[in-house]
Amino acid sequence: MFFLLPLFASVALYFQVVDHEFISFDDGDYTYDNPVVTGGLSWHGFIWSVSDARFANYHPITWWSHMIDYEWIGNRPGLMAFQNALWHGVNSLLVSCLMGWIFRSKRLGLLLGLLFAFHPVLVEGVAWVSQRKTVVATCFFLLSVRVFCLRRILFRKKYRRLGYWISYILFVCSLLAKGVYITYPVLLCFLCFVRKGYNLFDEMDRRRAYLWLKKESFYFVFTGVSCVVFGIVMIWAQTKGQAVSGVSDLPIYFRFQTAINGYWIYVCKFVFPLNLTFFYPYNNDFSFGLTALLCLCLVAFAWFAVKCNCITNGRFLIGWMFFIVGLFPVIGLVQIGAQAHADRYMYGPIIGLIIMSGSLVSFLAKVSTTRWFFYSVRLAGYLWIIGLGVVCFYQIGYWKNDLALSASVSGSIEQNPKAIGLRGLALVRLGEYERAKYFCEWALALAPGDLGNVSCLALCEYALGNVSGAIALQEVYVSERPDSIGNLVNLARYYLEAGLCEKSKIILDECRLLSASSNGSFSREIDVVYRIYLDTCCSRY
């Protein structure tokens, strides 16, 4: 049972999410405001998930996971977030097993598994319901790696090819949950090189690595072709969802600056995870000198990794290469989304930095000349992980609701339109409409066309008596999202307040049809507004 500690520890740490609410960003699209998902498992839902890209992604397995939630537990955000925590617990266990296999030490593997479980930079990928795709994709990735590496133990020689196919199927499932592991063949090579202790600067080890790759060439070519195909699918999905920024919007030199800055920020947050938040806007104040300095720092770090190559059996360098390659698809050279970087992108690549940490610990344990030095290093490592766990506990609390999450953005809120809009939505739920209107207008001025802020401002206008303004704003939202039942219900309510009974009846009938096809989603809200329609409109006749 001792090896299950990372699983139990991560679940205990994240248990507080059972009281959490939905977050206004993305959660509606993936769960409560998506009629296909709220309808649970169905043949229609299966066809819908695999037939096209949805919300700038192609990840049918993620959609099936959310549909299972509504099939089994209904519209309960806390339990959905807790399921993310269970996936994270399994991932922590798999990372612990992987590290124990790489370093041939169960104790070190357990310690590094706890580091993965407790690290605060991973909270965004776990506590956010709509980031189920991150934890599910990583779980399938780790299972695929596990099966490939242990196929000689798990399968007899007669059935060894079955191990390849199971590993490949798990890898495809990872891509179908989230296409972030399209560099899988390279990452798998790095993990196997670490285990085998290949020193890439030694001619004999390079020869051994070449022979091993030649032996496994069929598997790596097959997975490589699959990565290329799915990479094309992913770019198509992101382009269709208008999530890819063109060169005219973000020049090449700016993307390069963002990528260099992102790598450095991720390394710093691994060591000192401070000032974490849910959205990091672009920094337009990059200077050539700062970019050059950050490049020199990264080159110096790489040089240090090369120098440590011999004394750490190549693990330190390969861990660094795993981190660089793992982050490459989301570092910003092909810009996806409106953020400069995101903590959730570290969920897989952090394994590279964990390998580097393990290699340093292993090296220091070997060169320790005194017991005092050995126990001091061990104590420092324990205290660092415990400190990460404390920070992680408080970081999880920020994801309780919109208001708590917006509070996680400290003094930089004036530069962060997403945080401003989230603060407005939170104030709407508290009934502070004057203040909420101020924040929603501010957010829209910084990011025109953001549908969440449009809906927020419509609610404020309606509550403050400007019904015509609320209708105009809500019609903009509904024209972009005609299947959003919650916002259709709001529009019907605004029409009733303005005396537009026929328009309200048309919207309510549409809501009932959508609700009937989505397992009764928003049925109570629809009934309430329909009763208002009967009282105010039908009584006239």
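The values are calculated or read from the model by the stated rules, or taken from the named source; none is laboratory data. From a predicted model like this one, the values you see are computed outputs, not experimental measurements. A quick note on method: Cβ atoms are made from the backbone with ideal geometry, for glycine too, and the neighbour counts reach across all protein chains shown.
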What number of residues within segment 1-28 satisfy the criterion of being surrounded by 15 or more Cβ atoms within 10 Å (Cβ to Cβ) and either in contact with a His (Cβ under 6 Å, 6 or more places away or on another chain) or within 19 Å of Trp72 (Cα to Cα) (or both)? 7
When you scan segment 33-44, how many residues do you find that are farther than 17 Å from Ser130 by Cβ and buried (at least 18 other Cβ atoms within 10 Å of the Cβ)? 1
Within segment 197-217, considering residues that are among the hydrophobic types (A, V, I, L, M, F, W, C), in a helix (DSSP H, G or I) and touching a residue at least 12 places away in the same chain (Cβ under 8 Å), the one nearest to Phe363 (Cα to Cα): Ala209
For segment 467-485, check the following and say yes or no: at least one residue is touching a Cys at 6+ places or on another chain (Cβ under 9 Å) and at pLDDT below 85. yes
Over segment 140-156, the set of residues in contact (Cβ under 8 Å) with a residue 12 or more places away in the chain and either of a type in the set (Val, Ile, Thr) or over 17 Å from Trp101 (Cα atoms) (or both) is Phe140, Val145, Val147
Is there a residue being free of Cβ contacts under 8 Å to residues at least 60 places away in the same chain and more than 14 Å from Gln131 (Cβ to Cβ) anywhere in segment 23-32? no
Out of the residues in segment 69-82 that are closer than 13 Å to Tyr30 by Cβ and not aromatic (Phe, Trp, Tyr), which is farthest from the chain's Cα centre (by Cα)? Asn75
Can you pull out the helices (runs of 4 or more DSSP H) entirely within segment 6-81 that have at least 3 residues that are at pLDDT below 90? 27-30, 35-38, 43-51
Check every one of the helices (runs of 4 or more DSSP H) wholly within segment 462-523 and list those with 2 or more residues that are farther than 18 Å from His44 by Cβ and small (Gly, Ala, Ser). 467-480, 485-497
When (1) without any contact (Cβ under 8 Å) to a residue 24 or more places away in the chain; (2) surrounded by fewer than 21 Cβ atoms within 10 Å (Cβ to Cβ) are applied to Ser49, the one that fails is (2)
Would you point out which residue out of Leu150, Leu112, Leu162, Leu154 is crowded, with 21+ Cβ neighbours inside 10 Å and either under 15 Å from the mean Cα position of the chain (by Cα) or modelled with pLDDT under 95 (or both)? Leu112
Confirm whether Ser245 is at pLDDT below 70 and within 20 Å of the chain's Cα centre (by Cα). yes
Positions within segment 450-504 being among the hydroxyl-bearing types (Ser, Thr, Tyr) and more than 19 Å from Phe439 (Cβ to Cβ), in sequence order: Ser468, Ser479, Ser484, Tyr494, Tyr495, Ser504
Long-range neighbours under 8 Å by Cβ, at least six apart or interchain, first residue within 27 Å of Ile420 (Cα to Cα) within segment 375-402, second modelled with pLDDT of 85 or more and among the aromatic types (Phe, Trp, Tyr): Cys392/Phe118; Ile396/Tyr14; Trp399/Trp128
Across segment 325-339, which residue is modelled with the highest pLDDT among those that are within 15 Å of Ile260 (Cβ to Cβ) and crowded, with 19+ Cβ neighbours inside 10 Å? Leu327
So is Trp101 among the aromatic types (Phe, Trp, Tyr) and modelled with pLDDT under 95 or not? yes
Collect the residues in segment 185-210 that are over 20 Å from Pro349 (Cβ atoms) and of a type in the set (A, V, I, L, M), keeping them in residue-number order. Met204, Ala209
